[in-house]
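The values are calculated or read from the model by the stated rules, or taken from the named source; none is laboratory data. Note that the structure is predicted; figures quoted are calculated from it, not measured. Ideal geometry is used to build each Cβ from the backbone, glycine not excepted, and the neighbour counts take in all protein chains shown.
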């Protein structure tokens, strides 16, 4: 079945460091790919998305490119801030289910940015 | 600018008790979802609804029930609480599907439930 694998955390970085959170997926067909972010005590928020191969999603300085050849959707940011501390979830939409929005979430990667 | 509102934020139940987790959205979204989030496991879909009066099971529906009498409200009921239902529960809504209509899901802040 479809699945999402993320790098295990927690990840701790110093402010202004470069961030990469790896995400790979297994899916039938051509799913849409997402990154969601969850700040402490809050629900998930959509950070960025890509709907087809070679698409690049970007938002708030974060980027991820849909790589079909490597089935990956790695999240990157050039210079992290303390306010980026959160849990990041990679996810894909299951195109076999069209009656509702079946989104398969990875386990999440916790990021802590220290001053 | 409420979005998706969940109540309560925290609750402790004894085994065998019942309770209802409330979820309301003010965005006139047709689609609503209930997820549970267990540590290191991501989110699992419990139930979903594509409109008032229409509900269906997700991946992990056992031990739960839902109803959707209005567009705004989508309560989740636990009839006989069990320790395995200790989790954080998230309600979400969307105007359409992220895949087909470019509509993301909007999440509430969650309900942290402990069954002792």
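Among the residues making up the stretch B:44-56, a single one is in a strand (DSSP E or B) and more than 11 Å from chain A (Cβ to nearest Cβ): B:46.
Give the residues of the stretch A:46-78 that are in a strand (DSSP E or B), within 14 Å of chain B (Cβ to nearest Cβ) and surrounded by 16 or more Cβ atoms within 10 Å (Cβ to Cβ), sorted by residue number.
From the stretch A:46-78, those in a strand (DSSP E or B) are A:46-50, A:56-59, A:62-65, A:67, A:72, A:75-77; that's our starting set.
Then drop every residue that is not within 14 Å of chain B (Cβ to nearest Cβ), which leaves A:46-50, A:57, A:59.
Residues satisfying the conditions are A:46, A:47, A:48, A:49, A:50, A:57.
Just one of the listed residues (A:15, A:42) is surrounded by fewer than 17 Cβ atoms within 10 Å (Cβ to Cβ), within 9 Å of chain B (Cβ to nearest Cβ) and either touching a helix residue (DSSP H, G or I) at 6+ places or on another chain (Cβ under 7 Å) or closer than 22 Å to residue B:43 by Cα (or both), namely A:42.
If you go through the stretch B:76-95 and pick out every residue that is touching a strand residue (DSSP E or B) at 6+ places or on another chain (Cβ under 7 Å), closer than 27 Å to residue A:94 by Cα and exposed (fewer than 15 other Cβ atoms within 10 Å of the Cβ), you end up with 1. Just one of (1) part of a strand (DSSP E or B); (2) within 11 Å of another protein chain (Cβ to nearest Cβ) fails for residue B:41. It is (1). Among the residues of this structure, residue B:114 counts as one that is away from every other protein chain (no Cβ under 14 Å) and in contact (Cβ under 8 Å) with a residue 60 or more places away in the chain. Tell me whether the stretch A:84-98 contains one or more residues that are within 11 Å of another protein chain (Cβ to nearest Cβ), crowded, with 18+ Cβ neighbours inside 10 Å and in contact with a helix residue (DSSP H, G or I) (Cβ under 7 Å, 6 or more places away or on another chain). Yes, the stretch A:84-98 contains a residue that is within 11 Å of another protein chain (Cβ to nearest Cβ), crowded, with 18+ Cβ neighbours inside 10 Å and in contact with a helix residue (DSSP H, G or I) (Cβ under 7 Å, 6 or more places away or on another chain).
For every residue, the table says whether it meets (1) more than 13 Å from residue B:4 (Cβ to Cβ); (2) touching a helix residue (DSSP H, G or I) at 6+ places or on another chain (Cβ under 8 Å); (3) buried (at least 19 other Cβ atoms within 10 Å of the Cβ).
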| site | (1), (2), (3) |
| --- | --- |
| B:24 | no, no, yes |
| B:38 | yes, no, no |
| B:41 | yes, no, no |
| B:46 | yes, no, yes |
| B:52 | yes, no, no |
| B:72 | no, no, no |
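Number of residues in the stretch A:79-115 that are assigned to a loop (DSSP other than H, G, I, E, B) and modelled with pLDDT of 85 or more: the value is 8.
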